[in-house]
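This report concerns only the one structure given below.
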Amino acid sequence: MVFSLELLWFYIAIFLAISDEIHSRIMWGLFADFYILLAGVIKESVASNIRLWIVHEFMEATFHFIVLSIIFLSLEIGILAAFIHMLIDFFHEISGIELNPLGHRCLHFTIESIFFIIIFALGVPT
């Protein structure tokens, strides 16, 4: 797949949003029972809800890393996309701001877009 460098930030944000939707539909739709059991096992081993949530965010970030690394054939893009996505989720949760699903998606898309615009403006190679 060939992407225009001028719009690469946009494509990354779009595919990250798609990856997030796929993750949600797979985990909470197709594998909901397994996911709930896995959460129980992880909770027993980490012994707190906060740690369980952090493990969940790292697992989700790993999913995004794999998907975006494959789509863009770039480990750097996969790492950066997973990192910024996880960071937004952490700060959004800590802030306590309640958003509907569309508002949450818009928050992610806006911040992820700005992040990658800055990365590419600085000339960081990917």
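The values are calculated or read from the model by the stated rules, or taken from the named source; none is laboratory data. Worth saying up front: this structure is predicted, and the values here are computed from it rather than measured. Don't worry about glycine lacking a Cβ; one is built from the backbone with ideal geometry, like all the others, and counts go over all protein chains shown.
Any residue that is farther than 24 Å from G103 by Cα, in contact (Cβ under 8 Å) with a residue 24 or more places away in the chain and not β-branched (V, I, T) - is there at least one of those in region 47-67? No: region 47-67 contains no residue that is farther than 24 Å from G103 by Cα, in contact (Cβ under 8 Å) with a residue 24 or more places away in the chain and not β-branched (V, I, T). E57 fulfils the conditions (1) farther than 20 Å from T110 by Cα; (2) at pLDDT 85 or above; (3) in contact with a helix residue (DSSP H, G or I) (Cβ under 7 Å, 6 or more places away or on another chain) except for a single criterion, (1).
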